[in-house]
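The values are calculated or read from the model by the stated rules, or taken from the named source; none is laboratory data. All values derive from a computational prediction rather than experimental measurement. Virtual Cβ from ideal backbone geometry, glycine too; neighbours counted across all protein chains shown.
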């Protein structure tokens, strides 16, 4: 492999091409080999960037959470010494994304890894939260089981207090309200919570308040892509 380009994608359906810098678009336009999570989504994204993109010339290798790490070797063996791009389903590749195994194998082979500029929902949410951006941790999805989820939330709250660290997590959109009910019921009233919803979309909603104030202003986040940021700190 000559170069592996890490290609960002829009994080909201309404964003598409306007979220992606022109410099990135130019590089993508010259590529014909792509490693993707889902081929259908990748084709739609390329078409949104360039109406005349020659999709018939493009070669797609699918690599997602259902594949074993060893399959990354087979994909890169087949690509050989050719430039290719790694596409995430949304946002920045390899951040809350299985593509890191592809990148690690590329490094092992001595390939040049080239990250490209684009949106990352996690960083956009953190930037706009007002919470601690010096120390933070992303946990992905919390447990589905209610009792385990409650213990996880209380553990994150305690960790935030002890380490002075912002805790970032998410949920499947249809379970957002169930998660929030647990946050409001079992977290301390003075803990700060940022809810960042529909980032980069027309209905974008970002707000940070204490749990006590959130209880009086229940947001509507049902079936909306959302990130939650929690920080327990001393009162100032």
So which residues in the range 25-49 are in a helix (DSSP H, G or I), over 23 Å from residue 72 (Cβ atoms) and out of contact with any helix residue (DSSP H, G or I) (no Cβ under 8 Å at 6 or more places or on another chain), if there are any at all?
26, 44
Scan the range 1-24 residue by residue and report those that are outside any loop (DSSP other than H, G, I, E, B) and modelled with pLDDT of 85 or more.
3, 4, 5, 6, 7, 9, 22, 23, 24
Count, please, the residues in the range 209-236 that happen to be buried (at least 18 other Cβ atoms within 10 Å of the Cβ) and assigned to a strand (DSSP E or B).
6
Consider residue 161 carefully, then state whether it is more than 22 Å from residue 96 (Cα to Cα) and surrounded by 20 or more Cβ atoms within 10 Å (Cβ to Cβ).
no
Report yes if some residue within the range 62-85 is within 16 Å of residue 118 (Cβ to Cβ) and either buried (at least 17 other Cβ atoms within 10 Å of the Cβ) or in the same structural domain as residue 9 (by TED's automatic domain parsing) (or both); otherwise report no.
yes
Failed condition for residue 85, given (1) over 18 Å from residue 168 (Cβ atoms); (2) in contact (Cβ under 8 Å) with a residue 40 or more places away in the chain; (3) outside any strand (DSSP E or B)
(3)
When residue 95 is evaluated against the numbered criteria (1) surrounded by fewer than 17 Cβ atoms within 10 Å (Cβ to Cβ); (2) over 15 Å from the mean Cα position of the chain (by Cα); (3) under 30 Å from residue 198 (Cβ atoms); (4) in the same structural domain as residue 25 (by TED's automatic domain parsing), which criterion, by number, is the only one it fails?
(2)
Out of all the residues in the range 49-88, which are touching a strand residue (DSSP E or B) at 6+ places or on another chain (Cβ under 7 Å) and at pLDDT below 90?
88
